[in-house]
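Novice: Just passing along the structure, written as structure tokens.
The values are calculated or read from the model by the stated rules, or taken from the named source; none is laboratory data. Note that the coordinates shown come from a computational prediction; the quantities given were computed from them, not determined experimentally. With ideal geometry, Cβ positions are generated from the backbone for all residues, glycine too; neighbour counts draw on all protein chains shown.
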Amino acid sequence: MSSAPTEKLRMQLSPDGRRVQVVIEPCAEIALSSTDILEQLKIMGYGDWAVLQDAVAKLPKLFTSAREATLADIAEKRDAEMTLNVTNDELTAHLTLSPPQGGARVTEADVLALLSRHNVTYGIVPAVIAAAVATQTADQVVVAQGTLPVDGEDARFESQLPEITDRRPKENPDGSVDYREIGMFFTVKPDTPVLRKIPLTIGTAGTSVTGKIIPATPGRDLPFSAPLSGVKFDTGDNNLLLSAIGGQAVMIEHGVRVEPVIELKEVDLTSGNIDFDGTVNVGGDVVAGLRIRTTGDIFVAGTVEGATLEAGGNIKVNKGVIGRGELRQDDSTHGAGLARLKAEGSVQARFVENAIIEARGDVIIDELLAHCEVTAEGTLVVGKDKAKKGHILGGSITAVRGIKALVIGSAAGIRTKLEAGISRSLRKDLDQARETIIVKCAERDKLAALLKRAAQLPPELAARARATLVKTELEIKNLNAQRDALQQQLGQDINARITISMRAHEGTTVLLGEKTLAIDHEHGPGTFTLNDGEIVFTPH
């Protein structure tokens, strides 16, 4: 670049000192480039000013076309610029800072003043502000941070007995259910601490960057269930339950019961049938033909032969259950020698043969379920994890939530029926609700027809008809809600599946929902599920 053009380029500051101006005089022989002009700005100490690029681009033409002296602005002094953005929830304030171009720098005091103008008074981060001021640049950096409220925790209940029996479903941390843990037999003495209520917490309020208090949502209070039998409150602590009697402690929802316990060596002809309001613990066997009926749990350390066990809680047989005879006789009635187990909770045993089992919860069998009729509202599991035994052989099995086994059926083709996904009790309740709706709708229609002639009816009769119509319509509304809830619950049961870890033999029939599949060849490990209205097998 030659020096001649820039030597003749005269620059000056505007009167306010914020703009660089070029003096343009008629000088047709001077040919200036934009590069020449920018270089001259640097030489004169204005290199960091904001260059007006459009004006600079026009200068060469102005020089060649000027007819009289004039001034042209080519650069200007710009102060640092900053903006503050406060989020809608007022929990965060973001600073954006553009560096100065020959102008004034932003100071920490400037930033604090900006925060003040936006009413930001809480959670200011001085270190971030200092860093932004030092570099004179920031892109949406957080200069103030509010605090979120911490909601309170609900009241909860803590067992004071690690071994306590829990009749509620037990979930693992991953959300799966441990079907084998239905509780152990455990007794307490009077005045033993059994359950503590941990009160709710109110939480901690938060604060916005503008200093507003953000209230926390307090936890929910959960009262003890009522009534609770066999327990009492500690005289000095209304959140602590003590056993009022000696017996078996059983965890229930929001509470615990201590049930009386009867200890028996065996149940045989010497003891006779047992009817007990509490829990029965049998140290030996239960012989054929006898009955145990209890409101609590039944624990049998030995074997149950062709006996009947009915429990208001769980049934657990450490060894096995052995009945005699055929499941169904020629007239379709049950055989007389069968064992019968009925539990409002779950049923667990090592093996079961020739038995009828009903459980509102799960049925858990360690090794073998042979020639049995099982109805479980929960899940049926036969075989321990990673075990080599877990066989369902013959019989008719219904488990609403699903079935898991190592092997189903046999190579000999013994008829074995497995059904999952439909609750017979729910289906019965749904059918009854539908029938009742039909009856009530007919009653409503008759009343409505009657009231069309209300002017011809005695006033008292018309008034009774209107009241009955209102009542009937309310009943129909409640029945429709009950029907919808039952249909939804039945729809959830359709997700049930039958899982086989080793083999499913020919001769086995699988039912899911209302679909049936007859297995006509051996299947390896896999799962039967309902997909698009059809039963499909997915190999593992």
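Novice: Hey, which of the helices (runs of 4 or more DSSP H) in the stretch 41-152, taking only ones fully inside, have at least 1 residues that are outside the structural domain of Leu13 (by TED's automatic domain parsing) and either β-branched (Val, Ile, Thr) or farther than 29 Å from Asp16 by Cβ (or both)?
Specialist: Details: elements: 53-65, 108-117, 126-135.
Correct list: 108-117, 126-135.
Novice: Has the stretch 6-25 got at least one residue that is part of a helix (DSSP H, G or I), at pLDDT below 65 and over 60 Å from the mean Cα position of the chain (by Cα)? Spell out how you get there, then give the answer.
Specialist: Going through the stretch 6-25, the residues part of a helix (DSSP H, G or I) turn out to be 6-7.
From what's left, at pLDDT below 65: 6-7.
Subsequent filtering for residues that are over 60 Å from the mean Cα position of the chain (by Cα) retains 6-7.
Checked against the condition, which is being part of a helix (DSSP H, G or I), at pLDDT below 65 and over 60 Å from the mean Cα position of the chain (by Cα), the stretch 6-25 yields at least one hit.
Novice: I want to confirm something. Restricting to the stretch 354-377 and keeping residues that are in contact with a Ser or Thr (Cβ under 7 Å, 6 or more places away or on another chain) and assigned to a loop (DSSP other than H, G, I, E, B), which single residue is surrounded by the most Cβ atoms within 10 Å (Cβ to Cβ)?
Specialist: The residue in question is Asp362.
Novice: Further question on the same structure: Identify the residue in the stretch 231-257 that is within 11 Å of Thr192 (Cα to Cα) and out of contact with any Leu (no Cβ under 8 Å at 6 or more places or on another chain) and, among all such residues, is surrounded by the fewest Cβ atoms within 10 Å (Cβ to Cβ).
Specialist: Gly246
Novice: Taking the stated definitions as given, is Asn281 under 13 Å from Ile357 (Cα atoms), polar (S, T, N, Q), surrounded by 16 or more Cβ atoms within 10 Å (Cβ to Cβ) and in contact (Cβ under 8 Å) with a residue 24 or more places away in the chain?
Specialist: Details: under 13 Å from Ile357 (Cα atoms): no; polar (S, T, N, Q): yes; surrounded by 16 or more Cβ atoms within 10 Å (Cβ to Cβ): yes; in contact (Cβ under 8 Å) with a residue 24 or more places away in the chain: yes.
Taking the combined requirement at face value, the residue does not satisfy it.
Novice: Here's another thing I want to ask about it. Applying the selection to the stretch 327-367, what residues are of a type in the set (S, T, N, Q) and within 32 Å of the chain's Cα centre (by Cα)? Please lay out each step first, then the result.
Specialist: Taking the stretch 327-367 and keeping what is of a type in the set (S, T, N, Q), we get 329, 332-333, 346, 348, 354.
Residues satisfying the conditions are Ser346, Gln348.
Novice: Tell me, please, whether a residue that is under 30 Å from Ile24 (Cβ atoms) and in contact (Cβ under 8 Å) with a residue 12 or more places away in the chain can be found in the stretch 78-98.
Specialist: Quick first cut of the stretch 78-98, residues under 30 Å from Ile24 (Cβ atoms) only: 78-79.
With the extra rule that they be in contact (Cβ under 8 Å) with a residue 12 or more places away in the chain, the set shrinks to 78-79.
Yes - at least one qualifying residue is present in the stretch 78-98.
Novice: Quick one: which of Thr83, Thr92, Thr70 is of a type in the set (S, T, N, Q), surrounded by 17 or more Cβ atoms within 10 Å (Cβ to Cβ), farther than 17 Å from Gln40 by Cα and touching a strand residue (DSSP E or B) at 6+ places or on another chain (Cβ under 7 Å)? Steps first, please.
Specialist: Working: Thr83 fails: surrounded by 17 or more Cβ atoms within 10 Å (Cβ to Cβ); Thr70 fails: surrounded by 17 or more Cβ atoms within 10 Å (Cβ to Cβ).
The match here is Thr92.
Novice: Out of all the residues in the stretch 297-356, which are among the basic types (Lys, Arg) and farther than 18 Å from Gly395 by Cβ?
Specialist: Restricting attention to the stretch 297-356, the residues satisfying the condition of being among the basic types (Lys, Arg) are 316, 319, 324, 328, 340, 342, 350.
If the condition is that a residue be among the basic types (Lys, Arg) and farther than 18 Å from Gly395 by Cβ, then Lys316, Lys319 are the ones that fit.
Novice: Can you pull out the residues in the stretch 219-242 that are of a type in the set (Lys, Arg) and under 23 Å from Ile202 (Cβ atoms)?
Specialist: Within the stretch 219-242, Arg220 is the sole residue that qualifies.
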